[in-house]
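**Q** Next up is a structure, given as structure tokens.
Every read-out reported here was derived from the displayed coordinates using simple, explicitly stated rules and does not represent laboratory data. Quantities reported herein were computed from a predicted structural model and do not represent experimental measurements. No Cβ is skipped: glycine too gets one built from the backbone with ideal geometry, and neighbour counts run over all protein chains shown.
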Amino acid sequence: GREMQKHFGQPPQCILTMPLLEGLDGVNKMSKSLGNYIGITENPDEIFGKLMSISDDLMWRYLELLSFEPLSVLRQWKTEVAGGRNPRDIKVALAQEIVARFHDREAAERTLAEFEARFKQGALPEHMPAVTLQAGDGGLPIPQLLKQAQLTSSTSEALRLIDQGGVRVNGERVSDKALTLHRGVTAVVQVGRRKFARVTLA
């Protein structure tokens, strides 16, 4: 970046270009203004949940740019996933590594245990519908999101289910009926025990 160039000068043919990391939506670069980012100061549960919400394809990009695992391990994981291993296992490894880096190993183990408990030891489906919804400048309130993602038949049903504690976003129970998700965010949304969708707001 500019600060690096100011510090080291700009000798010809010696400036390295760092690849940009896509945000949680897998489309735009990671940006706080777009809301599609993971903050290193966020709590372990937020970091873990956000990393678990990324798509199976985007997972490899995150591993290549963020993980300290050697390339030989990443190649082995790709081979195993191609052979039938659940990509979720690899996402768990990435999420634990990142949480441990910015918090500690104990936090990584705790967040994994809590995540597994939320999803009933593997109830998170291996494949879930991917839905892209349009969010205005003010974002998309959760009742409308649930209806548009066809997770509920109406906003009134969505409100009732939120009151009953039956709606989760990235594993966290939603209690605020005014919760609004903003453009650039991707989240795993769950209604009841069996309805899931990976929702991206564009």
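**Q** Which number do you get for Rg(Cα) / (2.2 N^0.38 Å) in region 47-202?
**A** Taking the Cα Rg and dividing by 2.2 N^0.38 Å, one obtains 1.09.
**Q** Convert each backbone phi in region 46-55 into a coupling constant with the Karplus relation 6.51 cos²θ - 1.76 cosθ + 1.60 (shift: θ = phi - 60°), then list the ³J(HN,Hα) values in order as whole Hz, x for Gly and Pro.
**A** These are the phi-based 3J(HN,Hα) values: 5, 4, 4, x, 5, 5, 6, 8, 5, 6 Hz.
**Q** If you don't mind, there's one more thing I want to ask. In terms of the Cα gyration tensor, with a ≥ b ≥ c the square roots of its eigenvalues, is region 24-129 rounded because a/c is under 1.5, prolate because a/b exceeds b/c, or oblate?
**A** Values: a/c = 1.27, a/b = 1.11, b/c = 1.14.
Since a/c stays below 1.5, the shape of region 24-129 is classed as rounded.
**Q** Taking H placed 1.01 Å from N in the peptide plane, check which residues at least 5 places from ARG183 or on another chain put their amide H under 5 Å from its amide H.
**A** GLY139
**Q** So if I take the centroid of the Cα atoms in region 156-171 and the same for region 176-190, what is the distance between those two points in Å?
**A** After rounding, the separation between the Cα centres reads 12 Å.
**Q** Right, next: When only C-alpha pairs under 8 Å and at least 6 residues apart count, what is the relative contact order of the chain, in percent?
**A** Numbers: 266 pairs, mean separation 44.9, N = 202.
After rounding, I find 22 percent.
**Q** With r defined as the distance between the Cβ atoms of GLN134 and ASP89 and R0 fixed at 30 Å, what FRET efficiency is calculated, to the nearest 0.05?
**A** Here the calculated transfer efficiency is 0.35.
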